[in-house]
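Notes to accompany the following structure.
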Protein chains: 2
Amino acid sequence: MDIAALRTAHPEHWNMAAAIRALTLDAVAAANSGHSGMPMGMADVATVLFTKHLKFDASAPTWADRDRFILSAGHGSMLLYSLLHLTGYEEFPIEELRNFRQLGARTAGHPENFLAHGIETTTGPLGQGIANSVGFAMAEEMLRARFGKKFVDHHTYCIAGDGCLMEGVSHEAIALAGRQQLGRLIVFWDNNGITIDGKVDLSDRTDQVARFKASGWHVQEIDGHDPDAIDAAITAAKKSDLPSMIACKTHIALGSSAQDTSKGHGALTDATLIADAKSAYGWTAPAFEIPDDVKSAWEEAGRRGTEARFAWEVAFAAASDRKQAEFNRVMSGEVPTKLAAVIRALKKQMAEAQPKVATRKSSEMVLEVVNPVLPETVGGSADLTGSNNTKTGDLGVFDIDNREGRFVHYGIREHGMAAAMNGMALHGGIRPYSGTFMCFTDYARPAMRLSALMQVPVVYVMTHDSIGLGEDGPTHQPVEHLAISRATPNTLVFRPADTVETAEAWEIALTQTGTPSVLSLTRQNVATLRTAYKAKNMTAQGAYVLADAEAKRQAILMATGSEVEIAMKARDLLEAEGIGTRVVSMPCMELFEMQDEALRKRVLPAGSVRVAVEAGVRMGWDRWLLGERGREAKAGFVGMDSFGASAPAEVLYEKFGITAEAVAEKVKSLL
Amino acid sequence: MDIAALRTAHPEHWNMAAAIRALTLDAVAAANSGHSGMPMGMADVATVLFTKHLKFDASAPTWADRDRFILSAGHGSMLLYSLLHLTGYEEFPIEELRNFRQLGARTAGHPENFLAHGIETTTGPLGQGIANSVGFAMAEEMLRARFGKKFVDHHTYCIAGDGCLMEGVSHEAIALAGRQQLGRLIVFWDNNGITIDGKVDLSDRTDQVARFKASGWHVQEIDGHDPDAIDAAITAAKKSDLPSMIACKTHIALGSSAQDTSKGHGALTDATLIADAKSAYGWTAPAFEIPDDVKSAWEEAGRRGTEARFAWEVAFAAASDRKQAEFNRVMSGEVPTKLAAVIRALKKQMAEAQPKVATRKSSEMVLEVVNPVLPETVGGSADLTGSNNTKTGDLGVFDIDNREGRFVHYGIREHGMAAAMNGMALHGGIRPYSGTFMCFTDYARPAMRLSALMQVPVVYVMTHDSIGLGEDGPTHQPVEHLAISRATPNTLVFRPADTVETAEAWEIALTQTGTPSVLSLTRQNVATLRTAYKAKNMTAQGAYVLADAEAKRQAILMATGSEVEIAMKARDLLEAEGIGTRVVSMPCMELFEMQDEALRKRVLPAGSVRVAVEAGVRMGWDRWLLGERGREAKAGFVGMDSFGASAPAEVLYEKFGITAEAVAEKVKSLL
């Protein structure tokens, strides 16, 4: 690589890009860990993007109509942190860069959206960023359709590496973006030919250009170190009606002795290497220092969008109060007060009508009343629309010619769907929910974990939530999936017992601001158990006494979802034998855990035998069965300890011994 | 579709294919559930494949050199069951088809490999079959290289649907197969244009032909109902040195009133529809009956390979005793007796040398002695070779020109890697293991669950198993992943504390025949704690007393992996205060659970305070802390209840309070 030629051809650009490279080398050296090569390779692309195209104002990082910049290759986090520092983001003084990868710094090893503004999403697990980007771009289309181009008119830019493009989720994202012709999405592929193990060729020979074209993308190939070529490519990409991929041929760890090697991917901390690289760049400033002219050029870039932002604010102020309020409401994630009213009305109606329906159907009944009053909801399904019951009458289908449509046919892409929902939620203005079979939580899992880590309130509608799914068999029957979701920090897992609890669960899920929810819903019909209407959201307590003992209390049965009905029948059997039995419905363990100890003890007093019933594994139940410090109760569990089988649901409940009789027997064996 | 023309053009073929269609209609009607459309659409392809190309002998379903047939679109299971019945597989009498989707039948809703021979893999979760196929084809290449073409010379055929090709894992599989030029892999794409939600176009416009070509595949497009075209395409595919994709334009639910509709995807149970379809086929036989001429034509197809099998057996019998024995040994999964010897020798050496190394390094030390004596092992990594430590000196790299290589650079494809390992293990003759970061268990999860369900003894080498990973931060730090793996039925989860336990864990993992293993290994160095050599594999007990109380026992500390060292230090602190403390190392909860109660009680006697230490969530520990029926002990937990953070490992252990001091304090607070 002829660095000297690059320096001479575009000296101002070169020095601005060199600032990113120098800061990267300095921060990685200070941390003695991190990834140097990617920021060094992509500094030119980033410089052109931030100085010529990206619509942003560093002094107003939450401006709703800013372009979104997603660093899918999150290990190159110093690229982003350098840009945020150089352009003048208040939260990124030089101290933050000096503190790279240290406890409490905003400059975590990989970008974490919840640490500072300017970090639009959390990346690092490869492929997530590009899949988030699809959600960002969909959100922009939807909001533009709803609020008009005057208020919503921006692009989503994404830098993806070879790792992102090897991950399967990238296929789902690319195909979905191509199908939806998301013309505002522009992806830079950092085509450096290097992965951790060595050359990309070791494991991949995919023709990425042909691949993106096969999915309906506009594709260009450029030298990723040529600022003119980068500029022209972005200009062309913005003009295209299709999503754009710009294949940028780059040199990882440009200008260092580790250039074009897998060593260059990682932490370059050798003092001589660093000095030599800086010398090649013509960079003479001390570590973490930026020459004044370079600094002021970058700060100017950081102010490039100020005027546009002012203009936007003026236009926005001229809109009707109602429009302003609604826009601000959906962007802030505030829920209209009407939600509580429609939920209460439905609960009342259901307590009276007492339908015997599957809770997936209950969920649809809830959505039918919720979606009309929450225009920010966007539903979807991974090709199981009729089974997940996520599409209500008024939504319309999101499509190229119907950007106001609020239902997305995501296709058979659970992972891409979850990642797109994360992107929509991060964008703001949209409250996404989508469905698949509970068992396929597995496919969506990497993005579901990120929902929790990123603190986005997306809702996962997971139907067919047990062996109650029946004949499709063990490949489709979740057994460990409630435990998996419950094991994940910052996730609310709801398993409602009937339509009333389902309505309550939805109300809680839809009022979250920083926590995703998983709704675990049945395929099979269940009875309405909450037959006495209460305005209070009992599910918000996590667990509550559904039916108390009539005879002197000797047993407490705990259950969730479809098994609450079984617990109630077991209670009948036990009471008939004079064994006083309380039934506790526990639709959300996490919420119960948040209650104060006195309330938890009122629901689960010591001294009674406890038996939990759930058509899943026992893991997660012991805390409630045995008490957090143990010794509270003799306890037992009726559930699954193996995979399921293919047979009608009722046959399976018998085979696996999840019956009222088995529960009653278990209680008696413990008394 | 002009059914009449098809019937007239190839009457014998037509009737044989119609038998599949009729049996499918009959079985789905009997079960009142299932998927009719796919077998009806792909019957022609399957008929040509089974009657003209597939090398198999229905009377010898375990013949090692048979072609493998993988139904990736597993919901079309009646296609497979019909073929197995018609060609005369002993385990598929007509009663099995009558019993479709009923408890105890071999004809589960989706194909389950462990229920009968002839079912090569378990499918249903979409995309898994095509990704397994890549592993099957790799195993064939490897074994052909090792044992010669005389003994190993077969193809892997796979039928994939639109759903398989939308799933991200298909991208990983296709790219890997293309990179490795797996010329013996032939995939039929059932291009019927229909998914559950409607037309494929609703969610996908990918040009699949261009997509496969972009990954280096040989691609043909044919009419999937034209037997001559099918025949010619398979012939051409077999000749190609590249993996082949044959795009078969088909009509889902062919010949019924549901043809070419999403209704046709599901269960067609309407009697009139069924009668009309059969009439269109010219099929007059009663339900579940096959006319003699059709039956005998199919049975002849089932015997097509008998001669080839005899010839193979003759050639095999002529090979040296040693070669025969070795081939039979690896195909049966039997482990050489040398394994125990090298493990014992290493344990002895390590107990003496007492290295302070990361357990991922320990794992490499084990593999260095194991791989030379187990030529059936095939290692790999998802582009983290140097971090997972899965590549030992003698393996060589599997590549187009080195099929004897035993290390696979899977690329950044955790999911495809896991699914390929499943395929290799199912093929037989190979014992695969591979690595990634423990946190990316998430990406591999759908295939890891299938390892467990399918009962294949693959080994997952999951390194960087806690916040001990340090600066890469919470996106890379597993917290809930031990719980996730432990929640999965039929999975052994090992978290060894030092090199000795790591050796023991590997010994157990490598001697499994029907259970996958997950090895959870540290990034950071840990002390050798098993300093007294014992020949006995203590890890096989699941948990054991590593150090007993010196003073009167008041506390039992339980720990795994890197936290055992912390527990040992806590014990020192407590004993110094006169609090007798036992330390139990618990490298494998599942194995401990299998011990008899008396042993479990000897290790964990009642009456002492119990504290568990693990840098993960508490879920899964309560059973050991509190006793299965509760009331055994006062107990506490020192671990994680949130995501981690980006900082050096030792800083994080302090921040999250996982220290010897915290453990000692927890004990004292409970006494």
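Values quoted throughout were computed directly from the atomic coordinates according to the rules given, and no laboratory measurement underlies them. Everything quoted here is computed from the prediction, not taken from an experiment. Here Cβ is always computed from backbone atoms with ideal geometry, including for glycine, and neighbour counts include all displayed protein chains.
What does the average come to when, for each residue of peptide B:172-180, you count the partner chain Cβ atoms lying within 10 Å of its Cβ?
Counting other chains' Cβ atoms within 10 Å and averaging over B:172-180 gives 4.
Report Rg(Cα)/(2.2 N^0.38 Å) for the stretch A:123-275, keeping two decimals.
1.12
Mind checking the angle between helix A:306-318 and chain A's longest principal axis? C-alpha axes, 0 to 90 degrees, to the nearest 10.
40 degrees
Let me know the charge dipole size of the protein assembly as shown about its Cα centre in debye, to the nearest 20, where only the beta-carbon of Lys, Arg (+1) and Asp, Glu (-1) is charged.
Approximately 2600 debye in magnitude.
At a Förster distance of 22 Å, what's the computed FRET efficiency of residue B:5 paired with residue B:199, Cβ-Cβ distance as r, to 0.05? Don't jump to the answer; show the numbers that get you there.
Details: r = 25 Å, r/R0 = 1.14.
Once rounded, the FRET efficiency stands at 0.30.
Any chance you could check the Cα centroid distance between the stretch A:11-34 and the stretch B:5-24 for me, in angstrom?
69 Å
Classify the stretch A:198-291 from the C-alpha gyration tensor, please: rounded if a/c falls under 1.5, else prolate or oblate depending on whether a/b exceeds b/c.
Oblate.
Which residue, chosen from A:448, B:46, B:408, occupies the Cα position most advanced towards the positive end of the dipole of the protein assembly as shown, where the dipole is computed from +1 (Lys, Arg) and -1 (Asp, Glu) charges on Cβ about the Cα centre?
Value computed over the given set: A:448.
Per residue of A:481-491, count partner chain C-beta atoms within 10 Å of its C-beta, then hand back the mean as an integer.
6
Using the 7 Å Cα-to-Cβ label point, sort the distances from residue A:572 to its equivalents in the other copies shortest first and give them in nm to one decimal.
Counterpart label points of residue A:572 in the remaining copies fall at 6.3 nm.
How fast does the stretch B:542-669 diffuse by Stokes-Einstein, in µm²/s, taking the Kirkwood radius from C-alpha pairs at 20 °C and 1.002 mPa s?
147 µm²/s
Based on Cβ point charges of +1 for Lys and Arg and -1 for Asp and Glu, what charge dipole magnitude is obtained for chain B about its Cα centre, in debye rounded to the nearest 20?
Roughly 1780 debye, rounded to the nearest 20.
Most exposed first by the Cβ proxy, i.e. fewest other Cβ within 10 Å, how do B:3, B:174, B:222 rank?
Ranked by crowding around the Cβ, least crowded first: B:3, B:222, B:174.
Could you work out the local net charge near residue B:74, counting Lys and Arg as +1, Asp and Glu as -1, over the other residues with Cβ closer than 11 Å to its Cβ?
Working: positive: none; negative: A:472, B:112.
Taking every Cβ under 11 Å from that of residue B:74, the sum is -2.
5 Å is the cut-off here: which amide hydrogens, built 1.01 Å from N in the peptide plane, fall below it relative to residue A:245, excluding neighbours closer than 5 in sequence?
Amide H neighbours of residue A:245, under 5 Å, 5+ apart: A:187, A:218, A:219, A:220.
Put +1 on the Cβ of each Lys and Arg and -1 on the Cβ of each Asp and Glu in the protein assembly as shown; which of B:186, A:626, B:542 then has its Cα farthest toward the positive end of the dipole?
A:626
Roughly what angle does helix A:168-179 make with the longest principal axis of chain A, taking Cα atoms, 0 to 90 degrees, to the nearest 10?
Value to nearest ten degrees: 80.
Stick to Cα atoms and the Kirkwood definition of Rh, then tell me Rg/Rh for the stretch B:1-114. Working shown, then result.
Working: Rg = 13.9 Å, Rh = 14.5 Å.
Expressed as Rg/Rh, it is 0.96.
Over all directions, the average projected area of the alpha-carbon convex hull for the stretch A:337-527 comes to how many nm²? Numbers along the way, then the final one.
Values: hull surface 39.4 nm².
It is 9.8 nm².
Can you work out D for the protein assembly as shown in µm² s⁻¹ from Stokes-Einstein, where Rh is the Kirkwood radius over C-alpha pairs, the temperature is 37 °C and the viscosity is 0.692 mPa s?
Using the Kirkwood radius from Cα pairs, D works out to 102 µm²/s.
Take the stretch A:1-47, drop everything but the C-alpha atoms, weight them equally and run the Debye formula without solvent; then report log10 I(q)/I(0) at 0.19, 0.24 Å⁻¹ to two decimals.
-0.59, -0.84
How much net charge surrounds residue B:337 when only the other residues with a Cβ under 13 Å from the Cβ of residue B:337 are counted, with Lys and Arg +1 and Asp and Glu -1? Present the calculation step by step, with values, prior to reporting the outcome.
Working: positive: B:329, B:338, B:344; negative: B:334, B:507.
In short, +1.
To the nearest 10 degrees, how steep is helix A:660-670 against the longest Cα principal axis of chain A, on a 0 to 90 scale?
Taking Cα atoms only, the helix is inclined about 80 degrees.
Would you mind counting up the charge near residue B:281? Only other residues with Cβ under 11 Å from its Cβ, with Lys and Arg at +1 and Asp and Glu at -1. Can you show the working numbers first?
Numbers: positive: B:7, B:21, B:278; negative: B:276.
For residues surrounding residue B:281, the net value is +2.
If we hang a label 7 Å off Cα along the beta carbon direction at residue B:552, how far is it from the matching labels on the other copies, in nm, shortest first?
3.6
Could you give the spread of the C-alpha atoms of the stretch B:3-310 along their three principal axes, from largest to smallest, in whole angstroms?
Between the extreme Cα coordinates on each principal axis of the stretch B:3-310 lie 53, 48, 41 Å.
What are the residues whose amide H is under 5 Å from the amide H of residue B:258, where those residues sit 5 or more places off or on another chain and H is modelled from the backbone?
none
Need the list of lysines near residue A:536 for cross-linking: C-alpha distance under 27 angstrom, and skip anything on the same chain fewer than eight residues off.
Filter leaves A:338, A:347, A:348, A:356, A:361, A:569, A:601.
For residue A:354 and residue B:90, what is the calculated FRET efficiency with R₀ set at 51 Å and r taken between the beta-carbons, to the nearest 0.05?
Result of the calculation: an efficiency of 0.45.
With the label 7 angstrom out along Cα to Cβ, how close does residue B:527 come to the same site in each of the other copies, in nm, nearest first?
Spacings between copies for this position, smallest first, are 6.0 nm.
Residue B:194's amide H: which non-local residues (gap 5+, or another chain) put their own amide H closer than 5 Å, with H modeled 1.01 Å from N in plane and none for Pro or chain starts?
Residues meeting the amide H criterion: B:200.
What's the FRET efficiency of residue B:373 with residue A:340 using the Cβ-Cβ distance as r and R₀ = 51 Å, to the nearest 0.05? Don't skip to the end; give the middle numbers.
On the way: r = 68 Å, r/R0 = 1.33.
Efficiency computed from Cβ-Cβ geometry: 0.15.
Measure out, as a whole number of angstrom, how far apart the alpha-carbon centroids of the stretch A:438-501 and the stretch A:274-288 sit.
So the two Cα centres are separated by 51 Å.
Can you tell me which lysines have their Cα less than 26 Å from the Cα of residue B:213? Leave out same-chain residues fewer than eight positions away.
Of all the lysines, those that pass the test against residue B:213 - Cα under 26 Å, at least 8 places apart if same chain - are A:199, A:213, A:249, B:199, B:238, B:239, B:249.
If you scale each eigenvalue of the Cα gyration tensor by 5 and take the root, what three semi-axes come out for chain B, rounded to whole angstrom and sorted largest first?
Listed largest to smallest, the semi-axes of chain B are 51, 26, 22 Å.
Cross-link partners among aspartates and glutamates for residue A:278, C-alpha distance below 15 Å, same-chain residues fewer than 8 apart left out?
A:2, A:26, A:270, A:289
Between the stretch A:378-408 and the stretch A:165-223, how far is it from one alpha carbon centroid to the other, in angstrom?
With the stretch A:378-408 and the stretch A:165-223 each reduced to a Cα centre, they are spaced 27 Å.
Where in the stretch B:26-52 is the amide nitrogen less than 18 Å from a point lying 7 Å along the Cα-to-Cβ axis of residue B:271?
Once the point is set 7 Å along Cα→Cβ of residue B:271, B:26-33 turn out to lie under 18 Å by backbone N, inside the stretch B:26-52.
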